[in-house]
Amino acid sequence: MDLSKFFDRVQHDVLMSRVARKVRDKRVLRLIGRYLRAGMMVEGVLQSSPEGTPQGGPLSPLLANILLDDLEKELERRGLPFVRTRVQNLLALGVPRRQAFRHAKSRQGPWHMAKTIASGVGMTNAWLHDQGLVSLKSLWVKRAPLRRTA
């Protein structure tokens, strides 16, 4: 799913209602509203911004997280995987935070991602055994005839 133009189309009243669920201070809400309606400079001319959120500013990540919270809950309800559902799992396996985020946001498939540091750190042989998977190496060692060295 590509959300590249999503933040350009955000309606301010929808965003502000969601922000108000988390923020109770009216002064902060007023300040965020002004931030959203401040407009932008395009070739030296101030243009109003009736919709969308400013991107790249210090408030952008907070607004994005608040706005996407409902979307994420719906995705979870439907059982659809997304970057955060992977980060949490990797962190639970003991993968360092930076590696977990790098791994989770990759567009590579499972086969490629199985060879990454995050997979190796989090999905150890002991973890795989706990999942009920059998090590081919262990089977080979048990089944292979002992070699004699002279």
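The values are calculated or read from the model by the stated rules, or taken from the named source; none is laboratory data. If you're wondering where the values come from, they're calculated on a predicted model, not measured in any experiment. We place every Cβ from the backbone using ideal geometry, glycine too, and count neighbours over all the protein chains shown. We work out accessible area using only protein heavy atoms, side chains counted, and drop any ligands, DNA or RNA first. Shrake-Rupley method; radii C 1.70, N 1.55, O 1.52, S 1.80 Å.
Tell me the angle of helix 83-92 to the major Cα principal axis of the chain, expressed in degrees between 0 and 90 and rounded to the nearest ten.
For 83-92 against the chain, the angle is about 50 degrees.
Answer with a single label: of [x] 1.05; [y] 1.62; [z] 2.09, which was calculated as Cα Rg over 2.2 N^0.38 Å from the structure in view?
Calculated Cα Rg over 2.2 N^0.38 Å: the matching label is [y].
When only C-alpha pairs under 8 Å and at least 6 residues apart count, what is the relative contact order of the chain, in percent?
Contact order relative to length: 15 percent.
State the extension gain, in nm to one decimal, for the chain segment bounded by Ser60 and Leu133, taking 0.36 nm per residue of separation less the distance between their alpha-carbons.
22.0 nm
Students sometimes get this wrong: rank Glu51, Glu76, Glu43 by accessible area, probe 1.4 Å, all chains present, largest first.
Glu43, Glu76, Glu51
Just to verify a number: what accessible area does Phe7 come out at with the full protein assembly present, 1.4 Å probe, Å² rounded to tens?
Number for this one is 30 Å².
Taking θ as phi - 60°, what are the ³J(HN,Hα) couplings along the stretch 19-26 by the Karplus curve (6.51, -1.76, 1.60), each to the nearest whole Hz, with x for Gly and Pro?
4, 5, 5, 9, 10, 9, 6, 4
Please identify the longest segment of the chain free of exposed trypsin sites (Lys or Arg not before Pro), where exposed means a DSSP state other than H, G, I, E or B and no more than 11 other Cβ atoms within 10 Å.
The reported range is 25-77.
So, for the chain, what is the accessible surface per residue at a probe of 1.4 Å, expressed in square angstrom?
For the chain, the per-residue accessible area is 80 Å².
Where the only charges are on Cβ atoms (+1 Lys, Arg; -1 Asp, Glu), what is the dipole of the chain about its Cα centre, to the nearest 20 debye?
Taking the Cα centre of the chain as origin, the dipole is about 780 debye.
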